[in-house]
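Q: Right, I'll just put the structure down here and ask away after.
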Amino acid sequence: MPQLNPIVGFHFSVAFELLPKQSIDAKFQNVSGLRATVEMELYKEGGQNRFTHQLPNRTTYQDLVLKRSLTSDISSLSNWCMNTIENFNFKPANLVVSLLNEKGIPLKSWYVFHAIPLSIEYSDFNSEESKLVIETITLKYNFFKEIL
């Protein structure tokens, strides 16, 4: 009989294909943007004034946002983003986002297709606060698919 245990969202991993593997590039504090939405097209029927029909048009996907603490480690992901932004050199990458159990084994995974960097951002530097600097990477992708 299958177990109906809820999956926690604080133990996860992100793995990029085709980027040199650096340990820092798998460590994130926050991943958001796995969202698919069906766009609707309004259709006004002649003679029908009480309502408009809403017909499904296409599916759109939200931007994927990855956040992590900035470190002095070399990051292939940051280099890939900066190469795209500075040199306008677009090399799409696929990635897998997985929710993990307590042993690090994936419970649910999503394959994200054809991601390209949109932006890279660093949190404010403030001498009056003792905060970590957060690097935020925003990716545009074509679609995602649940694979596990």
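Q: Does any residue of region 132-145 turn out to be open to solvent by 40 Å² or more (accessible area, probe 1.4 Å) and more than 21 Å from the chain's Cα centre (by Cα)?
A: Yes, the conditions are met somewhere in region 132-145.
Q: Counting just the residues of region 62-82 that are in a loop (DSSP other than H, G, I, E, B) and of a type in the set (A, V, I, L, M), which one comes out surrounded by the fewest Cβ atoms within 10 Å (Cβ to Cβ)?
A: Per the stated criteria, the residue is Ile74.
Q: Would you mention how many residues in region 1-30 are modelled with pLDDT of 80 or more and open to solvent by 50 Å² or more (accessible area, probe 1.4 Å)?
A: So the count comes out to 11.
Q: List pairs: first in region 102-129 and among the basic types (Lys, Arg), second in a loop (DSSP other than H, G, I, E, B), Cβ under 7 Å, 6+ apart or cross-chain?
A: Matching pairs, first to second residue: Lys108/Ile7; Lys108/Leu148.
Q: Testing Ala115 on (1) touching a Pro at 6+ places or on another chain (Cβ under 9 Å); (2) assigned to a strand (DSSP E or B); (3) open to solvent by 70 Å² or more (accessible area, probe 1.4 Å), one condition comes back false. Which one is that?
A: For Ala115, the exception is condition (3).
Q: Going by the structure shown, is Thr59 under 24 Å from Gln29 (Cβ atoms), open to solvent by 60 Å² or more (accessible area, probe 1.4 Å) and either assigned to a strand (DSSP E or B) or in contact (Cβ under 8 Å) with a residue 24 or more places away in the chain (or both)?
A: no
The values are calculated or read from the model by the stated rules, or taken from the named source; none is laboratory data. Just so you know, these numbers come straight off a predicted model, no measurement behind them. Because the Cβ atoms are built from the backbone with ideal geometry, glycine has one as well, and the counts that use them run over all protein chains shown. These accessible areas exclude ligands, DNA and RNA; they are computed on the full protein's heavy atoms, side chains included. Shrake-Rupley method; radii C 1.70, N 1.55, O 1.52, S 1.80 Å.
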